[in-house]
Structures are given as C-alpha cells and as structure tokens.
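In what follows, a single structure is set out as structure tokens and then discussed.
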Amino acid sequence: MRNLLKIPNFLSLSLLLLSATFIACDNEDDDMQPDEMDETIELSGETKVYPLSEINDSGVSGSATLEETDGGSTLLTIELTGTPADGEHPAHIHFNSAAIGGGIAVSLEPINGETGLSETLIEADDNGAPISFTELLDFDGYINVHLSADELGTIVAQGDIGSNVLTGESKTYNLAERAVDGISGTITFEERINGFALATISLDGTPDGGMHPAHIHANSAAIGGGIIYTFNPVNGNTGMSMTDTRDDGDGNTFTYGEVLEVDGYVNVHLSADELGTIVAQGDIGSNELTGESKTYNLAERAVDGISGTITFEERINGFALATISLDGTPDGGMHPAHIHANSAAIGGGIIYTFNPVNGNTGMSMTDTRDDGDGNTFTYNEVLEVDGYVNVHLSADELGTIVAQGDIGSNELTGESKTYNLAERAVDGISGTITFEERINGFAIATISLDGTPDGGMHPAHIHANSAAIGGGIIFTFNAVNGSTGMSMTDTRDDGAENSFTFSEILEVDGYVNVHLSANDLATIVAQGDVGSNELTGESITYPLEERAVDGISGTITFEERINGFALATISLDGTPDGGMHPAHIHENSAAEGGSIIYTFNSVNGTTGLSMTDTRDDGAENSFTYDQVLDVDGYVNVHLSAEDLATIVAQGNIGANFTE
C-alpha cells in the first residue's frame with residue numbers, strides 16, 4: 001500500500017469508490033482508528049526513474065519516479081534537493097523533448113519547497129484523455145519544474161521522459177578552432193529511445209552576448225557543401241546549444257544512426273550576419289577520422305627554408321584528409337601541390353591535385369575523394385601509390401619546386417646502406433653513396449661528394465665485378481651535379497631497362513665509378529666497391545722487407561670481403577716513378593722458395609700501390625680471405641717484368657708468417 005498525499009480533481013469516480021472500500025475494510029481493524037486513515041493505492045512494483053537536471057544555475061535537481069498501480073495508472077513522485085523551504089514549485093509534463101519544447105500535457109502537484117516532494121496520481125492528461133503507465137513510458141515528453149506560480153517562465157529543473165530518454169549511446173566529435181582564436185569545443189550526439197538524438201554543442205571561448213548559428217553541411221569540411229540541418233544557435237554566454245535532431249524547423253531530421261553515417265561536417269558561425277566567418281568546425285559521420293594516419297616528409301628544394309610534412313588521416317568512409325603543413329612559406333603566396341606519378345628521382349605527371357598551400361599559414365587541407373578533376377584516392381591507395389608530392393612556388397612557376405617528398409610505395413623503410421667512394425684521379429673529390437630501401441623493394445641511391453667543381457656534371461655507374469678487377473656498366477645513376485656534389489636515382493629505372501632492388505644491391509658483385517665528365521669517362525674521380533664486394537672490417541697486414549734494391553719496402557694488406565674473398569693492397573715506399581713491378585704469391589716460405597701460385601696486379605712505381613681481388617688473377621687462381629691466413633706461401637715484388645729475378649721486396653704470409 002502507498003499513501004497518496006494529494007489527488008488531482010480529474011480522478012475518476014471509480015478510484016474514489018475503491019478508496020472508500022479500502023477505508024471501510026481498514027475500519028474493521030480494532031488497532032486502526034478512522035482518523036488515522038489516509039487515501040491509499042496499491043502498486044504493481046513496476047517503476048521508472050528519470051533524472052531532473054538543474055537549469056539556470058538554480059541549484060535544484062533530483063528525479064521523477066513513475067510507479068505503476070494495480071489498475072495500470074501511474075503514481076509520479078518528484079524528489080528534489082535545493083528547493084527553498086518556503087517555496088512551492090509548479091511542475092508539468094510537456095509534449096516533445098526539452099530541446100524542442102512543447103505545451104503542457106499533464107499538470108502535476110506542486111513541489112513542496114520544504115520537503116522537495118510532490119506526488120501525483122495520473123490516469124489521464126489535462127484534456128481528460130486516458131494515459132496508462134505503459135503509455136507514459138513511451139510518451140514523447142519532458143518534465144519542467146518552475147520557480148513559482150508567478151514565475152512559470154523560470155525553469156529550475158528539467159528532464160526528458162518516455163521515448164525521449166537517452167539510451168546511453170553517444171558520439172562526440174571535435175569542433176576545432178577556425179577564424180577566431182580560442183573558440184573550440186565538441187558536439188555530442190546522444191541517442192534517444194525514439195531513435196533520434198540530442199545534439200549538444202559545447203564551446204570554450206565564445207564571447208558573452210553572442211548567438212552563433214550552427215549547421216550540418218554536406219560533404220567534408222575540406223570539400224564544403226550546403227546546409228542540411230540547422231541546430232539551435234550556440235549561446236555565447238554559456239557556449240552551449242541543445243537541439244533535438246528530429247526537428248530543425250525546416251523539415252530536416254536525423255536519426256542517431258543517420259548521424260553516424262552522414263557525409264557531413266559541422267560549422268559554427270560568428271553570427272547570423274557573418275555566416276562567412278567560421279569560428280569552429282569539425283567533420284562528422286562517415287567523414288570522421290579513424291585515428292589511422294600516415295605522415296611523409298616534404299624536404300626543402302629550390303627555395304631555402306621551406307619544408308614540412310603531408311599527413312593523410314583515414315576517414316570512416318575509406319578516404320582521407322590530406323594536410324600539408326610547411327614552414328617558411330612567404331605571406332600572401334598560394335602554392336599549388338600535387339601527387340605525381342613515380343618517385344621524385346624518376347619524375348612523372350600529375351595524378352592528384354591538392355588545395356593550394358596558403359603562404360600565410362603554410363597549410364592546405366584536401367579530401368582525397370575529390371580533387372575537382374575526377375581523381376580520387378582512398379587511404380589504402382595512398383599507402384600503396386607509386387607517387388611523390390610536389391609543392392610548387394606558384395601557379396605561374398610550376399617548374400620551381402619548393403618542397404618535395406616520396407609517398408606510398410616509394411616511402412623509405414628506414415633500412416639503408418652506405419658505401420665509401422674514395423678519391424681517385426682528382427685530388428680532393430671523395431664521398432659516399434647511400435642506398436635507402438623503399439616499401440616497394442627498390443631504393444633511392446644518393447651520391448654525395450665533396451670537392452666537385454661548380455658547373456660540372458659527373459656520370460656515375462655501377463660496374464660489374466670489384467674495382468680491382470673492373471667490368472662493364474650494369475646500372476647508370478643520374479649524373480652528379482658538380483655545384484651540389486649530389487645525385488639521386490631510383491634503382492628501379494636507369495632509363496636503359498636496368499634495375500636493382502635494395503636486397504640485390506646488398507649482394508651485387510659490383511663497384512661504383514664517378515667519372516670526370518661524359519667526354520672523359522676514363523678519368524675516375526671517385527670509386528668504391530658495393531654489395532658482395534664490401535669489406536667486412538676484418539684484415540691482416542704482412543711486412544714486405546727490402547731486398548735487392550735499397551730503400552724499397554712496405555706492406556701487403558688483405559681485407560676480407562662479404563663474398564669471402566679479399567682485397568689485396570700492396571703499398572711500397574721507394575719505388576721509382578714510371579716503373580711497374582710484378583708481384584706474386586709463391587709457395588713455401590721465402591727461405592725455401594717456390595713457384596708462383598697467385599699473381600697480383602703490378603705495383604705502380606709512381607704511387608707504390610697495387611690493388612687486386614683475390615678471387616681472380618687472370619689465370620684462374622683464387623684465394624679466399626681464410627685461405628690467405630693459412631697459405632704456405634710468401635710474396636715477392638719484382639723489379640720488372642723483364643727482370644723477375646731481381647726481388648725488390650719480400651715477405652712471408654699465412655702459415656709462414658711469424659711476428
């Protein structure tokens with residue numbers, strides 16, 4: 001049983017008769033006095049509680065509890081905290097949601113300010129139409145609690161009920177700062193039982209007194225589009241707007257599910273008179289970002305100080321938001337930007353056009369599903385594209401590239417290999433060649449030399465075999481620019497159908513030559529072994545002592561290669577200019593003497609040097625590095641090919657060497 005504090009005038013006669021019956025029955029109990037009785041109702045046990053939130057900083061909040069009676073009607077109990085002791089607060093159930101507003105459907109008993117309580121038995125609405133507990137659970141309505149009977153316009157507590165109740169499902173999108181510094185926030189869509197949503201915009205930084213129109217626009221923010229839904233304006237004082245998505249006053253509606261899939265974005269404008277000024281903006285629905293992104297570097301090119309990045313952020317719809325961010329762009333400029341086919345080292349035509357980079361901000365934002373020329377890229381296609389990005393100086397100077405970077409399958413994996421290019425025929429020219437692996441398996445080859453003269457162009461190639469053996473060209477690099485000392489080449493295409501993957505470069509039996517000019521290929525200015533001919537760092541050096549000619553002595557050094565063979569370098573002091581001195585490995589020790597088992601390249605008397613690859617002496621003799629360490633032999637350097645009997649330097653090696 002539940003005591004009823006107060007019963008409204010519209011209760012039916014049947015309820016009064018039922019109450020009278022209860023009283024008569026209770027009077028038969030000797031322990032209960034008639035003057036202690038109150039009207040009572042019996043409840044079924046079914047209940048529903050709705051929160052009533054504080055409104056207008058009233059400090060008043062609480063709940064409304066609906067309890068079903070055995071007859072199917074509803075006992076509605078409002079319990080509030082924060083009500084003044086001497087007040088009485090009218091309350092009503094209104095039609096529609098609180099965000100839409102509507103007329104009174106059911107008048108409730110006023111809330112006693114001292115207790116914060118009100119109980120109302122509801123069998124019908126204010127027009128006398130019956131309404132059951134079950135119907136109230138589905139009712140399209142909300143509850144208002146007012147300050148007083150004289151101030152009905154002031155709401156102190158409020159809450160949606162019935163079909164307007166929130167399910168607990170919600171989605172929040174960011175609204176980023178745009179034209180006005182400091183204004184940003186979020187828009188949250190909360191699903192209602194009826195399938196629609198409560199849209200709440202919450203902004204920081206809005207000025208007091210302003211009203212900021214807000215809309216959903218078609219397409220993404222990067223593309224732009226017309227208004228497809230209008231929210232209630234954002235109140236500048238609070239930074240807040242609340243709108244029911246089933247009614248924008250223009251016949252536009254959105255269910256919660258439709259919001260999650262809409263191809264749209266939200267704009268919050270400065271004012272109704274300045275709709276062109278966007279203060280906050282954010283993509284929503286299918287344009288939402290998944291959190292997956294890829295950033296590529298855009299390196300400085302023709303204009304000093306301009307560089308940055310391009311970031312592709314995946315959308316739910318599978319496309320991407322492409323954001324170019326550059327430092328160093330001059331104010332007032334507009335810089336066209338494109339994806340070009342192939343890698344930057346190869347070059348190619350435009351396959352996608354971005355929105356131009358604004359020089360004032362260094363920024364450009366583009367939706368990859370639409371470049372205005374019918375070109376599109378999904379996020380996954382961007383990750384795989386055979387392309388690179390160019391940012392140009394201006395629409396009139398497309399030939400001047402201010403920033404550039406490879407993307408997609410041309411991206412570098414981070415794996416790289418650098419080989420030294422040693423000085424050869426021209427003093428002071430040396431450097432390196434670096435191969436950086438791409439996702440597609442090929443490489444960007446960068447030659448970097450010091451000492452090259454301005455204005456020169458230096459052809460460069462990979463040749464077969466090691467430098468000590470020599471061989472024909474198997475790959476052609478872009479020529480080294482003498483002014484910069486640089487050359488960059490994609491190893492998948494040298495223009496003559498030759499290609500190398502990064503893995504193949506690490507294993508190639510080759511060396512790199514950089515030549516003086518296209519007209520003087522015979523003059524090598526820098527040279528270095530690559531691939532399987534690379535030195536491991538293991539080496540051994542044996543002394544070559546003076547013999548028949550005073551003052552000639554030196555060393556022979558064997559350096560291990562990755563392929564297991566060795567580079568043998570004889571270095572002698574005291575050799576006369578112009579001479580050529582044959583050199584060999586002989587079997588046995590020098591004291592025993594023996595026949596030739598390996599022939600080195602002759603020592604150049606002018607330099608005192610000889611370099612030989614131990615896998616090939618031209619007579620089918622070879623030595624691995626390990627075999628050199630164990631050989632029963634010694635080295636002779638002879639006076640000349642005509643005078644082999646005169647030994648100018650000699651030394652035991654391998655098993656015969658003793659410290």
Taking region 473-492 only, how many residues are open to solvent by 10 Å² or more (accessible area, probe 1.4 Å) and hydroxyl-bearing (Ser, Thr, Tyr)?
-> 3
Sole exception among (1) farther than 15 Å from His581 by Cβ; (2) touching a residue at least 60 places away in the same chain (Cβ under 8 Å) for Ile556, by number = (1)
Mind listing whichever residues of region 211-228 are closer than 20 Å to Ser184 by Cα and either open to solvent by 20 Å² or more (accessible area, probe 1.4 Å) or not hydrophobic (A, V, I, L, M, F, W, C) (or both)?
-> Met211, His212, Pro213, His215, His217, Ser220, Ala221, Ala222, Gly224
Would you please name the residue that is most open to solvent (accessible area, probe 1.4 Å), looking only at residues in region 427-472 that are touching a Phe, Trp or Tyr at 6+ places or on another chain (Cβ under 7 Å) and of a type in the set (Val, Ile, Thr)?
-> Thr432
What are the residues in region 377-400 that are of a type in the set (Val, Ile, Thr) and open to solvent by less than 30 Å² (accessible area, probe 1.4 Å), if any?
-> Val382, Val385, Val389, Val391
If we only count strands (runs of 3 or more DSSP E) wholly inside region 163-205, which ones have 3 or more residues that are open to solvent by 70 Å² or more (accessible area, probe 1.4 Å)?
-> 166-177
Open to solvent by less than 50 Å² (accessible area, probe 1.4 Å), touching a helix residue (DSSP H, G or I) at 6+ places or on another chain (Cβ under 8 Å) and at pLDDT 95 or above: does that describe Gly348?
-> no
Residue list for region 67-82, restricted to those being in a loop (DSSP other than H, G, I, E, B) and acidic (Asp, Glu) | Asp70
Extreme residue, farthest from Asn297 (Cα to Cα), among residues of region 401-424 that are over 31 Å from the mean Cα position of the chain (by Cα) and open to solvent by 70 Å² or more (accessible area, probe 1.4 Å) | Arg424
Within region 89-116, track down each residue that is open to solvent by 50 Å² or more (accessible area, probe 1.4 Å), under 55 Å from the mean Cα position of the chain (by Cα) and under 19 Å from Glu151 (Cα atoms).
-> Ile104
Failed condition for Glu620, given (1) surrounded by 14 or more Cβ atoms within 10 Å (Cβ to Cβ); (2) without any contact (Cβ under 8 Å) to a residue 12 or more places away in the chain = (1)
Select from region 46-62 the residues that are of a type in the set (A, V, I, L, M, F, W, C) and open to solvent by less than 80 Å² (accessible area, probe 1.4 Å) and write down the one among them that is farthest from the chain's Cα centre (by Cα).
-> Val60
Give the residues of region 131-162 that are in contact with a Gly (Cβ under 9 Å, 6 or more places away or on another chain), open to solvent by 20 Å² or more (accessible area, probe 1.4 Å), assigned to a strand (DSSP E or B) and over 27 Å from Phe189 (Cβ atoms), sorted by residue number.
-> Leu147, Ser148
Which ones in region 290-323 are under 30 Å from Glu261 (Cβ atoms), surrounded by 16 or more Cβ atoms within 10 Å (Cβ to Cβ) and among the hydrophobic types (A, V, I, L, M, F, W, C)?
-> Ile310, Phe312, Phe319, Ala320, Leu321, Ala322
What strands (runs of 3 or more DSSP E), lying completely within region 458-576, carry at least 3 residues that are touching a Lys or Arg at 6+ places or on another chain (Cβ under 9 Å)?
-> 520-531
Considering each residue of region 314-351, count those that are polar (S, T, N, Q) and either part of a strand (DSSP E or B) or within 10 Å of Gly387 (Cβ to Cβ) (or both), and give that number.
-> 4
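So that you can scan it fast, the table gives a plain yes or no per residue for (1) more than 14 Å from Ile556 (Cα to Cα); (2) acidic (Asp, Glu):
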{"site": "Gly594", "(1), (2)": "yes, no"}
{"site": "Leu609", "(1), (2)": "no, no"}
{"site": "Asp617", "(1), (2)": "yes, yes"}
{"site": "Asn621", "(1), (2)": "yes, no"}
{"site": "Asp643", "(1), (2)": "yes, yes"}
{"site": "Asn652", "(1), (2)": "no, no"}
{"site": "Ala655", "(1), (2)": "yes, no"}
{"site": "Glu659", "(1), (2)": "yes, yes"}
Yes or no: Gly654 within 59 Å of the chain's Cα centre (by Cα), among the small types (Gly, Ala, Ser) and open to solvent by 60 Å² or more (accessible area, probe 1.4 Å)?
-> no
Residue list for region 278-292, restricted to those being under 20 Å from Thr186 (Cβ atoms) and assigned to a strand (DSSP E or B) | Ile278, Val279, Ala280, Gln281, Gly282, Asp283, Ile284, Gly285, Leu289, Thr290, Gly291
Out of curiosity, is Ala99 among the aliphatic types (A, V, I, L, M) and in a strand (DSSP E or B)?
-> no
Here the residues within region 220-248 that are closer than 30 Å to Phe312 by Cα and in contact with a Phe, Trp or Tyr (Cβ under 7 Å, 6 or more places away or on another chain) are Ser220, Ala221, Tyr229
How many residues, within region 577-593, are in a loop (DSSP other than H, G, I, E, B) and not acidic (Asp, Glu)?
-> 7
If you check Ser595 against the conditions, is it surrounded by fewer than 20 Cβ atoms within 10 Å (Cβ to Cβ), more than 60 Å from the chain's Cα centre (by Cα), farther than 15 Å from Thr541 by Cβ and at pLDDT 95 or above?
-> yes
Starting from region 353-376, take each residue that is open to solvent by 10 Å² or more (accessible area, probe 1.4 Å) and list its partners that are among the basic types (Lys, Arg) and part of a loop (DSSP other than H, G, I, E, B), counting only C-beta distances under 6 angstrom and pairs at least six apart or across chains.
-> Thr376/Arg369
Give the residues of region 76-88 that are touching a Ser or Thr at 6+ places or on another chain (Cβ under 6 Å), buried (at least 18 other Cβ atoms within 10 Å of the Cβ) and not hydroxyl-bearing (Ser, Thr, Tyr), sorted by residue number.
-> Leu76, Ile78
Taking region 405-431, which residues are of a type in the set (S, T, N, Q) and either touching a residue at least 24 places away in the same chain (Cβ under 8 Å) or not in a strand (DSSP E or B) (or both)?
-> Ser409, Asn410, Thr413, Asn420, Ser430
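The values are calculated or read from the model by the stated rules, or taken from the named source; none is laboratory data. None of these values were measured; they are calculated from a predicted model. For neighbour counting, all protein chains shown are included, and Cβ atoms are generated from backbone atoms with ideal geometry for every residue, glycine included. Surface areas here come from the heavy atoms of the whole protein model, side chains and all, with no ligands, DNA or RNA. Shrake-Rupley method; radii C 1.70, N 1.55, O 1.52, S 1.80 Å.
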